[in-house]
Amino acid sequence: MTPTLISAHAQQVLQAVQGTQPQPGPAADIAITRSWRRCLDQHRLDPASRRAPDVLEHPRLKDHRAPLEHIIAVARWQMNSLHQQVGRDGHVVLLTDARGVAIDSVFNDAEQAEFQRSGLWLGSVWSEETEGTNGVGTCLVERRHVTIRRDEHFRGKHVGLTCSASPIFDSKGELLAVLNLSSVRPETSLQQHYQAMALTNLSARLIESCFFLGDDPHRYLLRFHPQAGFVGLLGEGLLSFDEQARICSVNQAALDLLGISREQWVGQPLASLLETPIEHVLSQASAQPSLCWPIRLQDGRLFYGQLRAPLRTSPLVMPAAPKVNDLRVCLEDPRLQRGFARALRVLERDVPVFLQGETGTGKEAFAAALHRASARANQPFVAINCAAIPESLIESELFGYRGGSFTGARKDGMVGKLEQADGGILFLDEIADMPLALQTRLLRVLEERQVVPLGGASARPLDVRLISASHQDLQACVADGRFREDLFYRVGGFAVQLPPLRERSDKGSLLDLLLREEAKGAQVQLEPGVRERLLSHPWPGNVRQLRTCLRTLVALAWEGRISLDEVEELLPTQPIDSPENPLHLSEKQTLLSLIEAEHWHIARVADRLGISRNTLYRKLRHHGIARPG
């Protein structure tokens with residue numbers, strides 16, 4: 001660039017900033033004029049200056065490269081690909097840090113001298129405050145893709161360049177680096193110009209996605225898109241969350257797809273975003289996911305996703321007293337803490353765990369927490385409620401079937417729950433309701449560690465850890481002939497009694513946890529007396545009833561306030577099952593007197609009361625009556 005041309009360009013810049021330059025020209029773009037004005041007013045730069053760009057010495061360059069070695073490794077392949085796609089000759093690809101320092105470059109070795117004369121080499125500083133309007137510097141200020149063509153540069157020394165630059169953001173939305181494609185060729189066609197813009201922006205997005213995918217392997221990574229075929233491609237949304245299912249980071253594509261802001265959702269529970277239960281989402285986690293499955297948002301929209309499980313670098317050591325935030329379940333009651341720690345210990349040694357408790361005490365939540373704390377947390381957790389599936393279907397649900405095995409069967413067959421749980425944990429809820437014939441098949445599977453689908457000829461090896469549960473007394477079911485004794489000893493390796501809500505010492509913490517979950521991030525305030533009223537209620541339906549009540553109260557809350565009047569309308573003042581109710585106390589005392597008189601001979605007590613042993617066991621559990629040590 002000759003001194004005359006540099007001087008002419010400087011005059012053009014001054015006229016544009018002063019508003020005296022006629023249109024059209026570089027100043028026709030308001031972003032260019034805005035940048036030129038910054039260069040004059042804030043940075044005090046001279047557009048006619050012929051000084052060479054600043055270049056850092058090697059030791060200082062190393063200081064800039066060191067924090068970004070991870071992004072350099074990710075970007076290098078894509079930089080080479082971009083250089084090849086634009087034709088190589090006359091082009092240089094730069095990667096700069098967030099201060100505009102070139103930390104990596106790709107170019108033809110034969111053109112090295114020409115690029116160095118233009119300042120396009122390692123260590124060169126391309127911030128707007130040092131070099132004026134340019135691709136890298138203006139991109140850093142605007143935080144978006146920019147293209148600066150020849151005389152749009154502030155400094156006359158750079159008008160022989162055309163630069164396209166795109167920002168690269170990290171997983172938290174911070175500007176991490178800039179990818180810049182510069183050309184020293186004479187003016188190219190408009191088509192080539194737009195191609196360079198598109199390829200640079202595409203390459204930056206690919207680098208950004210690759211960086212996001214490898215940023216923190218110790219977190220869950222959800223990949224999603226409204227169309228299943230687009231999961232794994234450039235336009236997919238990426239969202240990471242931690243062991244407490246709180247959102248840690250989202251990429252720009254996720255924000256665009258969901259229509260949300262990063263500030264609004266980072267740190268919020270994933271459950272606030274998804275209608276699909278978190279337990280179901282976590283059950284899909286895999287170290288190398290390949291299949292897409294549907295996810296529904298709270299607003300009803302349907303997406304398809306894959307969930308990568310976090311990398312565990314060392315065996316998980318379960319603390320003596322698990323915290324709520326670690327397991328997404330409240331375990332502050334000492335009995336629950338001890339039961340959980342012991343159950344986890346035996347489960348890791350492949351001893352079946354049996355959960356006993358009244359309806360609604362949270363048996364499935366307890367089992368899911370055991371799964372998340374176990375060494376199999378990255379493997380499937382498959383739950384099946386034996387009481388909720390018709391007897392005619394439960395066998396095919398458990399064992400699966402080959403195509404055409406029976407009338408109405410799917411053409412391609414179905415994988416049963418047992419096989420789905422292979423490598424992980426199978427949870428059989430209300431196992432006492434399993435038909436006797438099916439109990440025989442289940443016992444054989446558990447003993448032989450292999451499963452044969454309906455209509456199948458060969459057995460498949462099976463590796464599952466078993467957790468089962470029931471609100472019924474399995475011993476009473478065995479005595480009544482409704483449950484196989486040998487299966488009872490097989491599934492009841494270690495029993496945990498889950499206390500009813502009315503007996504739990506951590507009701508306050510549980511109330512707070514459930515209220516936060518049901519509020520879904522909204523601010524909810526309890527008016528005076530509400531908390532005390534909720535804590536004093538006996539909750540015969542246990543945790544399930546409490547959750548339903550809180551969900552209703554949150555929905556009825558006026559301006560985020562839950563009133564005592566609303567609580568009193570929902571809850572009877574003195575429920576018949578209340579421990580303080582005279583009828584309740586009278587029944588409990590009668591049972592204690594009869595049991596002591598009959599020396600804990602359950603059959604005789606049942607006969608004297610004219611009820612079945614099963615009913616008697618339920619009443620004993622209901623009143624918290626247990627046989628002394």
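Pull out the extension gain between residue 31 and residue 117, defined as 0.36 nm times the separation in residues minus the alpha carbon to alpha carbon distance; nm, one decimal. Before the final figure, lay out the partial values.
Numbers: separation 86, 0.36 × 86 = 30.96 nm, distance 2.74 nm.
Contour length minus Cα-Cα distance gives 28.2 nm.
Rounded to the nearest 0.05, what FRET efficiency is calculated for residue 299 and residue 234 with R0 set to 25 Å and r the Cβ-Cβ distance?
Working: r = 25 Å, r/R0 = 0.99.
About 0.50, to the nearest 0.05.
Quote the charge dipole size of the chain about the Cα centre in Debye, to the nearest 20; the model charges only the Cβ of Lys and Arg (+1) and of Asp and Glu (-1).
660 debye
How far is it, in nm, from the label point at residue 489 to the one at residue 571 when both lie 7 Å from their Cα along the line to the Cβ?
Modelled inter-label distance: 4.6 nm.
Once the piece of chain linking residue 548 and residue 8 is laid out straight, how much longer is it, given 0.36 nm per residue of separation minus the C-alpha distance between them?
186.8 nm
Answer with one residue from 100, 148, 58: the one whose Cα lies farthest towards the positive end of the charge dipole of the stretch 3-192, charges on Cβ with Lys, Arg +1 and Asp, Glu -1.
148
Distance in nm between label sites at residue 108 and residue 286, each 7 Å beyond Cα in the beta-carbon direction?
4.6 nm
Sort 461-473, 252-264 for me by packing, meaning the mean count of neighbouring Cβ atoms within 10 Å per residue, highest on top.
With the highest mean Cβ count within 10 Å placed first, the list reads 461-473, 252-264.
Arranged from highest to lowest average of other beta-carbon atoms within 10 Å per residue, in what order do the peptides 105-114, 414-423 appear? Before the final figure, lay out the partial values.
Values: 105-114: 14.3, 414-423: 18.8.
Most protected by this proxy first, the peptides run 414-423, 105-114.
Over the chain, what lengths in whole Å, largest first, do the semi-axes of the equivalent ellipsoid take, defined as the square roots of 5 times the eigenvalues of the alpha-carbon gyration tensor?
Square roots of five times the eigenvalues give 67, 29, 19 Å.
In deg cm²/dmol and to the nearest 500, what is the mean residue ellipticity at 222 nm of the chain if only DSSP H runs of at least 4 residues count, each as -39500 (n - 2.57), divided by the residue total?
That calculation yields -12000 deg cm²/dmol at 222 nm.
Return an integer: the convex hull volume of the alpha-carbon atoms of the stretch 145-241, in Å³ per residue. Please list the in-between numbers first.
On the way: hull volume 11.4 nm³, N = 97.
That works out to 117 Å³ per residue.
List, in order, the whole-Hz ³J(HN,Hα) value for each residue of the stretch 278-295 obtained from phi through the Karplus relation with A = 6.51, B = -1.76, C = 1.60 and θ = phi - 60°; use x for Gly and Pro.
Using θ = phi - 60°, the values come out as 4, 4, 5, 4, 5, 5, 8, 5, 8, 5, 9, x, 10, 9, 8, 9, x, 10 Hz.
Modelled label-to-label distance, residue 15 and residue 525, 7 Å Cα→beta-carbon offset: nm?
Label at residue 15, label at residue 525, 6.4 nm between them.
How large are Rg and Dmax for the stretch 502-570 when calculated on the C-alpha trace, in angstrom?
Reported Rg and Dmax, both Å: 11.1, 33.
So which aspartates and glutamates can residue 619 reach, going by Cα to Cα under 13 Å and dropping same-chain residues fewer than 8 places off?
358, 473, 577, 587
In debye, nearest 20, what is the charge dipole magnitude of the stretch 196-258 about its Cα centre with +1 on Lys and Arg Cβ and -1 on Asp and Glu Cβ, if you could check?
120 debye
Long-range amide H contacts for residue 424: which residues qualify at under 5 Å (H placed 1.01 Å from N, peptide plane, sequence gap of 5 or more or a different chain)?
Answer set, sorted by chain and number: 465.
Treat every Asp and Glu Cβ in the stretch 216-308 as -1 and every Lys and Arg Cβ as +1, leave all other atoms uncharged, and give the resulting dipole magnitude about the Cα centre to the nearest 20 debye.
120 debye
Identify, among 421, 366, 432, the residue whose Cα sits farthest towards the positive end of the charge dipole of the stretch 324-497, taking +1 on the Cβ of Lys and Arg and -1 on the Cβ of Asp and Glu, with the dipole about the Cα centre.
Going by the Cα projections, it comes out as 421.
What residues qualify as long-range amide H neighbours of residue 387, i.e. H under 5 Å apart, gap of 5 or more or another chain, H built at 1.01 Å from N?
HN-HN under 5 Å from residue 387: empty list.
No value in this document is a laboratory result; all are computed from the given coordinates. The model shown is predicted, which means the values in this text are computed figures rather than measured ones. Virtual Cβ from ideal backbone geometry, glycine too; neighbours counted across all protein chains shown.
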